[in-house]
Amino acid sequence: MKNYDLIIVGGGPIGLACGIAATKAKLNYIILEKGVLVNSLYNFPEQMTFFSTSNLLEIGDVPFVAHNDKPTRKEALEYYRRVYESWKLNIQLYTPVSGMQQTEDGYILDTPKGQFKTKAVIVSTGFYDTARKLNIPGEDLPKVKHFYDSPHPYVNQKLLVIGAANSACDVALETYYKGAEVTMAIRSNEIYPKTKYWIKPNIENRIKEGSIKAYFETSVTEIKSHSVVLNTPEGEVEIENDFVLAMIGYMPDYSLFENLGIPVDEENHKKPIHNPETLETPLPNVYVAGVINSGLKTSKLFIENTRVHADMILEHLKAKIGQMA
């Protein structure tokens with residue numbers, strides 16, 4: 001069994017930043033990532049453009065040069081590959097962590113590729129991999145997607161987009177422009193007010209002119225093979241449908257938290273319980289970093305305002321590692 005000072009669970013941008021901070025601190029560490037390098041970013045839509053500027057996504061003093069002010073998914077993947085190579089980060093991909101046991105001098109992490117022993121753990125797993133569910137009949141049909149990749153499969157198809165924030169509006173517009181017949185189901189009485197300024201007027205104008213049909217104050221109650229059932233202010237409506245894209249957001253992987261023994265605050269948006277100054281959880285020498293710290297309030301934390309987590313944790317951890325040596 002390999003023994004480390006620190007194991008970082010999650011190889012996204014903040015996990016890589018923690019690896020950089022561990023490298024600077026001269027700790028023996030490894031990053032365990034369940035999928036590919038920056039797995040969440042890899043699963044973003046092919047043509048996605050970030051809402052953040054490239055300089056706000058930089059880590060490890062590696063410049064992020066993009067063709068435009070806001071970088072694309074492709075540019076971000078290339079950038080974080082360069083970060084990984086520049087810092088020669090110790091990362092093991094395709095290695096999901098399934099459990100953790102506390103020992104006298106640290107922790108043992110379970111993976112399909114064996115056990116890993118460590119003095120300290122940082123969990124930085126993001127939330128994009130775990131979609132919020134509708135919990136309605138028919139959600140498990142193949143026509144229902146919680147992740148969007150490309151508009152091409154929806155050409156000449158009747159598409160229902162659920163949601164009214166950035167992702168839903170972006171998907172509705174892109175698929176409409178590529179030839180889908182788009183309908184939106186929106187729980188509130190308006191497009192989400194904080195939708196990006198270059199998206200909001202466009203979607204509102206398409207709805208106003210009737211190019212995109214929108215049902216406001218509406219919920220989806222059932223998904224059938226060739227239709228969907230909507231609960232609208234005028235009563236129940238059933239419309240023809242080929243595909244459903246449920247763009248209702250994402251959340252941390254709470255099953256992983258449970259398997260690791262990390263407690264969450266049920267009364268405070270299910271945030272993982274941690275000290276806000278050190279990011280240490282009630283488990284000694286186990287820390288949480290990145291967007292997972294916001295729990296279900298996923299619109300509060302992003303790459304740009306959690307990059308500091310790596311240095312916060314390592315500053316606190318370095319002294320403790322010395323005491324444990």
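The values are calculated or read from the model by the stated rules, or taken from the named source; none is laboratory data. Everything quoted here is computed from the prediction, not taken from an experiment. Counting neighbours? That spans all protein chains shown, and the Cβs are built from the backbone with ideal geometry, glycine included. When the accessible area is computed, the model is the full protein with side chains, heavy atoms only, and any ligands, DNA or RNA have been set aside. Shrake-Rupley method; radii C 1.70, N 1.55, O 1.52, S 1.80 Å.
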Q) Given (1) touching a residue at least 24 places away in the same chain (Cβ under 8 Å); (2) open to solvent by less than 80 Å² (accessible area, probe 1.4 Å); (3) not charged (D, E, K, R), where does residue 156 come up short, assuming only one miss? A) (2)
Q) Are there any strands (runs of 3 or more DSSP E) wholly within the range 101-177 with 3 or more residues that are under 23 Å from residue 35 (Cα atoms) and assigned by the TED database to the domain that holds residue 282, and if so which? A) 106-111, 114-123
Q: Scan the range 186-226 for residues that are of a type outside the set (Gly, Ala, Ser) and in a loop (DSSP other than H, G, I, E, B) and report the count.
A: 20
Q.
Would you confirm whether or not the range 52-75 contains a residue that is at pLDDT below 95, closer than 25 Å to residue 287 by Cβ and outside any helix (DSSP H, G or I)?
A. yes
Q: Go through the range 1-55 residue by residue and tally those that are closer than 27 Å to residue 146 by Cβ, of a type in the set (A, V, I, L, M, F, W, C) and open to solvent by 20 Å² or more (accessible area, probe 1.4 Å).
A: 5
Q: Hand me the list of helices (runs of 4 or more DSSP H) wholly inside the range 229-325 holding 1 or more residues that are open to solvent by less than 70 Å² (accessible area, probe 1.4 Å), in contact with a strand residue (DSSP E or B) (Cβ under 7 Å, 6 or more places away or on another chain) and among the aromatic types (Phe, Trp, Tyr).
A: 254-260
Q) All but one of (1) on the phi > 0 side of the Ramachandran plot; (2) surrounded by 14 or more Cβ atoms within 10 Å (Cβ to Cβ); (3) in contact with a Gly (Cβ under 9 Å, 6 or more places away or on another chain) hold for residue 94; which doesn't? A) (2)
(Q) Please go through (1) surrounded by 16 or more Cβ atoms within 10 Å (Cβ to Cβ); (2) over 26 Å from residue 95 (Cβ atoms) for residue 125 and return the number of the only condition it doesn't satisfy. (A) (2)
Q: Residue by residue through the range 56-71, note down the ones that are open to solvent by 50 Å² or more (accessible area, probe 1.4 Å) and among the aliphatic types (A, V, I, L, M).
A: 56, 65
